[in-house]
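Undergrad: Pasting in a structure now, in structure tokens, and then I'll have a few things to ask.
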Amino acid sequence: MDLLRTLGDRTLERLSGLGRASIMWGHAVWGLPTLRELPLVIRQIYNFGVLSIVIIILSGFSIGAVISLQFYTQLSRFGAEDAVGLGLALVLLRELGPVMTGLLFAGRAGSAVTAEIGLMKTTEQLSSMEMMGVDPLRRIVTPRLWAGVISMPLLAAMFNVVAIYGGLIVAVQWLGGDEGGYWSGMQENVEIWNDLGKGVVKTVIFALLVTWIAVFQGYDTDPTPEGIGLATTRTVVTSSVMILAVDFILTLSMYGEF
Amino acid sequence: MRMRTVEISVGAFVLAGALSLVFLAVKVSGVSLGQSSSSYVLIARFDDVSGLRARSKVSLAGVTIGRVAAIEVDMAYGEAVVRLEIDGEPGQLTLDTGAQILTEGILGARYVNLLPGADEDTLGDGDYIEDTQGALILENLVGDLITRLGAS
């Protein structure tokens, strides 16, 4: 009986959490920032985007180099080294670019946002904002949501470019492949909407997902030091799992019918 | 940090991101910016184009001179109608130019190879290439071979 009750309690708790998160998300998305609030968005793009560039470039380079190395050694057994560029470009544009950027974004920017908002709540900055008649949703949540949606596709694009050059350095400079084949393989087969466009759509969805989870976890945290720590962990874990799960669903619906 | 520094770095970030997107579109997807280089269209009908795709290469003597613009099917004749986009001005390929579909290497992509002719007149924009040879399908070849061996 007790077990049943805990189960019911847990379910209701999760449900109400999802409800609160959805209501907050709705408010934040509708609250399109006005021109006066633009500096807030710019400040957040700085936090999300500019400060994430280094980690994006470093991981993009290593991932491009590693995939290129693996593709090259396997494809050269069939004499198809020229397909390295194409394989790398498709893998990056369709899957790895959006997913890796999303995971790094969750770890780098998402956790920071949760901790920041959690601390604001703990130090009662949020309630004092309400007392002053400032809507904390508009002031705190909306700029972060929009900043995330703007910066993540740009970060993913940089990730892809750096990864393609990392792959080029390994396949051409190091392993001695043909540079012309590397580029022309891509240009002939990569399609602008089907590969690049759908990848960008994915990053926008991941950005909404990660910023939503991060902001909500911060907003909903227990106002204690442990609470902030827990919320930060939950942000990273939940966003990572959600990105991978949603990516599978998106891939299935985008590329499933062939 | 001062707001001005933040604004400048955000501006640089957005610019770098936009440039990356343009790079991906142009250099990776191979979309040409602006139709500065002129091109014209030739049409060829093949009995089989399996493996050929839009944006496949069109080559003459091994040099890429254009791309496949579109592939349509003519249900009535059971043929594939391939539109070839050839770079440059019309007036150089002869009227009896032939077209065949070949494969690059063993696992490579299919492409259209043009065979030069000797006619005095040349193909213009929108003209048909008469002499075509479709893709060789391995299964058909093997099937052909088996029937011939059985007959002899």
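The values are calculated or read from the model by the stated rules, or taken from the named source; none is laboratory data. None of these values were measured; they are calculated from a predicted model. Don't worry about glycine lacking a Cβ; one is built from the backbone with ideal geometry, like all the others, and counts go over all protein chains shown. The protein model used for the area step is the full one, side chains on, heavy atoms only, and it has no ligands, DNA or RNA in it. Shrake-Rupley method; radii C 1.70, N 1.55, O 1.52, S 1.80 Å.
Undergrad: Suppose R0 equals 60 Å. What FRET efficiency, 1/(1 + (r/R0)^6) with r the Cβ-Cβ distance, do A:Glu130 and A:Asp2 give to the nearest 0.05?
TA: Working: r = 38 Å, r/R0 = 0.64.
Computed FRET efficiency for A:Glu130 and A:Asp2 comes out at 0.95.
Undergrad: For the stretch B:39-142, what is the charge dipole size about the Cα centre, in debye to the nearest 20, if Lys and Arg each add +1 at the Cβ and Asp and Glu each add -1 at the Cβ?
TA: Numbers: 7 positive and 18 negative charges, 129 e Å.
Approximately 620 debye in magnitude.
Undergrad: Within 10 Å of each Cβ of A:83-89, how many other protein chain Cβ atoms are there on average?
TA: Numbers: counts 4, 0, 1, 2, 0, 1, 4.
Per-residue shielding by partner chains comes out at 2.
Undergrad: Still on this structure, I have one more. Just report the Cα centroid separation between the stretch A:213-228 and the stretch B:4-19, whole Å.
TA: Each part's Cα centre sits 30 Å from the other's.
Undergrad: Over the stretch B:39-142, calculate the relative contact order: mean separation of alpha carbon pairs under 8 Å at least 6 apart, over the residue count, as a percent.
TA: Details: 253 pairs, mean separation 36.1, N = 104.
Rounded, it is 35 percent for the stretch B:39-142.
Undergrad: With unit charges on the beta carbons (Lys and Arg positive, Asp and Glu negative) and the dipole taken about the Cα centre of the protein assembly as shown, which residue among A:Ala112, B:Phe23, A:Ala156 sits farthest to the positive side?
TA: So the residue we want is A:Ala112.
Undergrad: Another question, then. With a 10 Å cut-off between alpha carbons and a GNM built on chain A, which of A:Val236, A:Val170, A:Val204 moves the most?
TA: In the Gaussian network model the winner is A:Val170.
Undergrad: Let me know the mean shielding of A:190-202 by other chains, meaning the per-residue number of their Cβ atoms within 10 Å of its Cβ. Mind dumping the intermediate values first?
TA: On the way: counts 8, 6, 7, 1, 1, 3, 6, 2, 0, 1, 2, 0, 0.
Other-chain Cβ atoms within 10 Å of each residue's Cβ, averaged: 3.
Undergrad: Now for a separate question. For the protein assembly as shown, what % of the accessible area comes from carbon and sulfur atoms, probe 1.4 Å?
TA: Numbers: 13970 of 21820 Å².
Carbon plus sulfur share of accessible area: 64 percent.
Undergrad: What FRET efficiency comes out for the pair B:Leu102/A:Leu252, r = Cβ-Cβ distance, R0 = 35 Å, nearest 0.05? Walk me through the numbers on the way to the answer.
TA: Numbers: r = 35 Å, r/R0 = 1.01.
Once the sixth-power term is evaluated, E becomes 0.50.
Undergrad: Near the amide H of B:Leu95, under 5 Å away, which other amide H atoms are found, from residues 5 or more places off or on another chain, if H is placed in the peptide plane?
TA: B:Asp119, B:Asp121, B:Thr122, B:Leu123
Undergrad: Considering Cα pairs under 8 angstrom that are at least six residues apart, work out the relative contact order of chain A and quote it in whole percent. Show your work: numbers first, answer last.
TA: Details: 309 pairs, mean separation 84.7, N = 258.
Rounded, it is 33 percent for chain A.
Undergrad: Rank B:Tyr128, B:Leu141, B:Ser38 by how far each Cα sits towards the positive end of the charge dipole of chain B (+1 on Lys, Arg Cβ; -1 on Asp, Glu Cβ) and give me just the farthest.
TA: Highest projection toward the positive end goes to B:Ser38.
Undergrad: Please work out the FRET efficiency for the pair B:Ser59 and A:Leu208, using the Cβ-Cβ distance as r and a Förster radius of 51 Å; give the result to the nearest 0.05. Could the numbers behind the result be given before it?
TA: On the way: r = 45 Å, r/R0 = 0.88.
Efficiency, rounded to the nearest 0.05: 0.70.
Undergrad: How big is the C-alpha Rg of the protein assembly as shown next to the rule-of-thumb value 2.2 N^0.38 Å, as a ratio? Don't jump to the answer; show the numbers that get you there.
TA: Details: Rg = 27.9 Å, N = 410, 2.2 N^0.38 = 21.6 Å.
Compared with the compact-globule rule of thumb, the protein assembly as shown sits at 1.29.
Undergrad: Give the cross-link partners of A:Lys198 among the lysines, using a straight C-alpha distance below 19 Å as the criterion and excluding same-chain residues fewer than 8 apart.
TA: Reachable lysines: B:Lys27.
Undergrad: Could you report the buried accessible area between A and B, both sides summed, computed with a 1.4 Å probe and given in Å² to the nearest 100?
TA: Working: alone 13920 and 10510 Å², together 21820 Å².
Protein heavy atoms only, the A-B interface buries about 2600 Å².
Undergrad: Also: If packing is taken as the average number of other Cβ atoms within 10 Å across a peptide's residues, how do A:152-160, B:68-76 rank, most packed first? Provide the component values of the computation, followed by the final result.
TA: Working: A:152-160: 28.6, B:68-76: 12.6.
The peptides rank, most packed first, as A:152-160, B:68-76.
Undergrad: Could you work out how far the C-alpha centroid of the stretch B:52-97 sits from that of the stretch B:121-152, in angstrom?
TA: About 16 Å separates the Cα centre of the stretch B:52-97 from the one of the stretch B:121-152.
Undergrad: Same structure again: Could you tell me which of rounded, prolate or oblate describes the stretch A:34-253, using a ≥ b ≥ c as the square roots of the eigenvalues of the alpha-carbon gyration tensor, with rounded for a/c under 1.5 and, failing that, prolate when a/b is larger than b/c and oblate otherwise?
TA: Judged from the Cα gyration tensor, the stretch A:34-253 comes out prolate (a/c at least 1.5, a/b above b/c).
Undergrad: Give a quick list of trypsin sites (Lys or Arg not before Pro) in the stretch A:191-240 that DSSP marks as loop, anything other than H, G, I, E or B, with at most 12 other Cβ atoms within 10 Å.
TA: On the way: sites: A:Lys198, A:Lys202, A:Arg234; in loops: none.
Taking the stretch A:191-240 and a limit of 12 other Cβ atoms within 10 Å, no loop trypsin sites (Lys or Arg not before Pro) are found.
Undergrad: Counting only heavy atoms of protein chains, what accessible area per residue, in Å², does the stretch B:43-152 have with a probe of 1.4 Å? Show your work: numbers first, answer last.
TA: Numbers: 6750 Å² over 110 residues.
Ligands and nucleic acids excluded, the figure is 61 Å² per residue.
Undergrad: Send over a whole-number figure in Å² for the accessible area per residue of chain A, probe 1.4 Å.
TA: Details: 12660 Å² over 258 residues.
Normalised by residue count, the accessible surface of chain A is 49 Å².
Undergrad: Quick one: Cα centre-to-centre distance for the stretch A:177-211 and the stretch A:109-135, in angstrom?
TA: Centre-to-centre distance over Cα atoms comes out at 37 Å.
Undergrad: Taking GluC sites (Glu not before Pro) as candidate sites, keep only those in a DSSP loop with at most 12 other Cβ atoms within 10 Å, then name the longest stretch of chain A containing none of them. Can you show the working numbers first?
TA: Details: sites that count: A:Glu124, A:Glu257.
Here the longest run is A:125-256.
Undergrad: Could you check the simple spin-label distance between A:Thr123 and A:Glu37, using points 7 Å along Cα→Cβ, in nm with one decimal?
TA: For A:Thr123 paired with A:Glu37, the spin-label model returns 2.2 nm.
Undergrad: Among the aspartates and glutamates, select those whose C-alpha is under 19 Å from the C-alpha of A:Lys202, and discard any that sit fewer than 8 residues away in the same chain.
TA: Result set, ordered by chain and number: A:Glu95, A:Glu191, A:Asp247, A:Glu257.
Undergrad: Calculate for chain A the 222 nm mean residue ellipticity that helices alone would give, adding -39,500 (n - 2.57) per DSSP H run of length 4 or more and normalising by residue count, nearest 500 deg cm²/dmol.
TA: So the helix-based figure for chain A works out to -25000 deg cm²/dmol.
Undergrad: I would also like to ask the following. What distance in nm separates the simple spin-label points at B:Leu138 and B:Asn113, each placed 7 Å from Cα in the Cβ direction?
TA: Label-label distance for B:Leu138 and B:Asn113, simple model: 1.8 nm.
Undergrad: Give the average, rounded to an integer, of partner chain Cβ atoms located within 10 angstrom of each Cβ in A:129-142. Mind showing how you got there, number by number?
TA: Details: counts 0, 0, 0, 0, 0, 0, 0, 0, 0, 0, 0, 0, 0, 0.
Neighbouring Cβ atoms belonging to other protein chains average 0 per residue here.
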